[in-house]
Amino acid sequence: MSHTNSFLVRLTADFFEKGRLKYQDIGLRTFEKYPDIKYDYFPEHLAEISPGQIAGAQGIIVLTPSVTRATLAGASETLAIGRFGVGYDAVNVPACTDADVAVFITAGAVNRSVAEATLCWMLGLSHNLVVKDRLVRTGDWHARSKYMGSELRNRTLGVIGCGGIARALIELTRGFGMNQPLAFSPTLDEPRARELGVRAVALDQLLQQADFVSIHCPLNASTRGLIGERELRLMKPTAYLLNTARGGIVEEDALFEILKEQRIAGAALDCFVEEPVTKPHRLGQLDNVILAPHSIAWTHELFRDIGRAVTAGMIEVAHGKKPHGLLNPEVYERPGFRRKLSIHGLPT
């Protein structure tokens, strides 16, 4: 490296349990080639990172805690926050910019795992996997004819958001004989839609025509409550809703009532308005729902790939470069950020 000062990366405590890493591989071996990059971890888990937890560290790798404006009171030496994943609604990015801190996500690293998990849910829902499992567990074998499933063949996938995860899902479904996928995204134009082999449509049209409505957009001011009672009532009674994005995109009260009335065929949810869910969720009362604790896509491969991406991003920052997945590139032009770089002997 071109500087002599060490670059300390600190990880949030939820990666560890009793001082031991909870996961098989989160990419930390990537740092071994760089002796000037050290890492440690927070001694305790807090829902909101405190200023003291980031003080003295140049890089912070965040799994689940939130980063607020108050957190950043400790960021006098912090150059970058790397989000372990692609969702960043829990990170106050404008506040990070104001505090001269770069924020990056692991863009692309989650695509395959989330897409594969979504496909798993599409198959599980359409074949009544949960109910049929329970029939055997409860000795109700003769009720099986009440739960005829459906194939993916000749059915239509609709994706809300057409980023990397949605595109990976579309590719995985191509061998099932499904219809041309529908996509709703404000940034998707006709040439790009043709290139991807999808049909760009308005949200209402997607809801009315899709057999599987899969949500793959970020949670922000324009998507919060995007799917409410009106939108759910547009869906076919044989259609399924799948959400691996963020809970606040779907209005849970409306979804519960729609599912209870069986106005749609079912839903699969990996995320909820209030997390963590530490007592039985009301949606779990329903037979036509599959639920997961915001981890349906968690695999050893996923954590390895995200880990390699986030550590590579920190190495880029430690070399004075812009990391892949940077959310606030303007921070590199700020005098305060450039001053932090110079303190660590990095090019400005």
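Given the conditions (1) surrounded by fewer than 19 Cβ atoms within 10 Å (Cβ to Cβ); (2) within 20 Å of residue 306 (Cα to Cα), which single one is not true for residue 65? Answer for residue 65: the failing condition is (1). When restricted to residues that are more than 21 Å from residue 341 (Cβ to Cβ) and crowded, with 21+ Cβ neighbours inside 10 Å, the range 48-61 contains 2.
Check 251, 330, 275 and return the single one that is assigned by TED's automatic domain parsing to the domain that holds residue 127 and closer than 30 Å to residue 100 by Cα. Please lay out each step first, then the result.
Values: 251 fails: closer than 30 Å to residue 100 by Cα; 330 fails: assigned by TED's automatic domain parsing to the domain that holds residue 127.
That would be 275, the only listed residue that is assigned by TED's automatic domain parsing to the domain that holds residue 127 and closer than 30 Å to residue 100 by Cα.
Any idea which residue in the range 299-329 is nearest to residue 10 (Cα to Cα), counting only those that are more than 24 Å from the chain's Cα centre (by Cα) and of a type outside the set (Gly, Ala, Ser)? The qualifying residue nearest to residue 10 (Cα to Cα) is 319.
Results for (1) surrounded by 24 or more Cβ atoms within 10 Å (Cβ to Cβ); (2) more than 22 Å from residue 6 (Cβ to Cβ); (3) of a type outside the set (Ser, Thr, Tyr); (4) within 16 Å of the chain's Cα centre (by Cα), shown as yes or no for each residue.
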residue: 70; (1), (2), (3), (4): no, yes, yes, no
residue: 73; (1), (2), (3), (4): no, yes, yes, no
residue: 81; (1), (2), (3), (4): yes, no, yes, no
residue: 94; (1), (2), (3), (4): no, yes, yes, no
residue: 102; (1), (2), (3), (4): yes, no, yes, no
residue: 108; (1), (2), (3), (4): no, yes, yes, yes
residue: 112; (1), (2), (3), (4): no, yes, yes, yes
residue: 116; (1), (2), (3), (4): no, yes, yes, yes
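When the residues of the range 236-295 are filtered to those that are aromatic (Phe, Trp, Tyr) and over 23 Å from residue 87 (Cα atoms), the one that is farthest from the chain's Cα centre (by Cα) is 256. Any chance the range 153-164 includes a residue that's in a helix (DSSP H, G or I) and either farther than 17 Å from residue 236 by Cα or over 21 Å from the mean Cα position of the chain (by Cα) (or both)? Within the range 153-164 (the criterion being in a helix (DSSP H, G or I) and either farther than 17 Å from residue 236 by Cα or over 21 Å from the mean Cα position of the chain (by Cα) (or both)), the answer is yes, since at least one residue qualifies. Taken together, 15, 7 contain a single residue that is closer than 20 Å to residue 316 by Cβ and surrounded by 18 or more Cβ atoms within 10 Å (Cβ to Cβ), which is 7.
Helices (runs of 4 or more DSSP H) fully within the range 232-348 that include at least 2 residues being among the small types (Gly, Ala, Ser), under 30 Å from residue 79 (Cβ atoms) and modelled with pLDDT of 95 or more: 300-318.
So, residue 310, is that one under 25 Å from residue 220 (Cβ atoms) and in contact with an Asp or Glu (Cβ under 7 Å, 6 or more places away or on another chain) or not? The answer is no for residue 310.
The values are calculated or read from the model by the stated rules, or taken from the named source; none is laboratory data. Note that the structure is predicted; figures quoted are calculated from it, not measured. Every residue, glycine among them, receives a Cβ derived from its backbone with ideal geometry; neighbour counts consider all protein chains shown.
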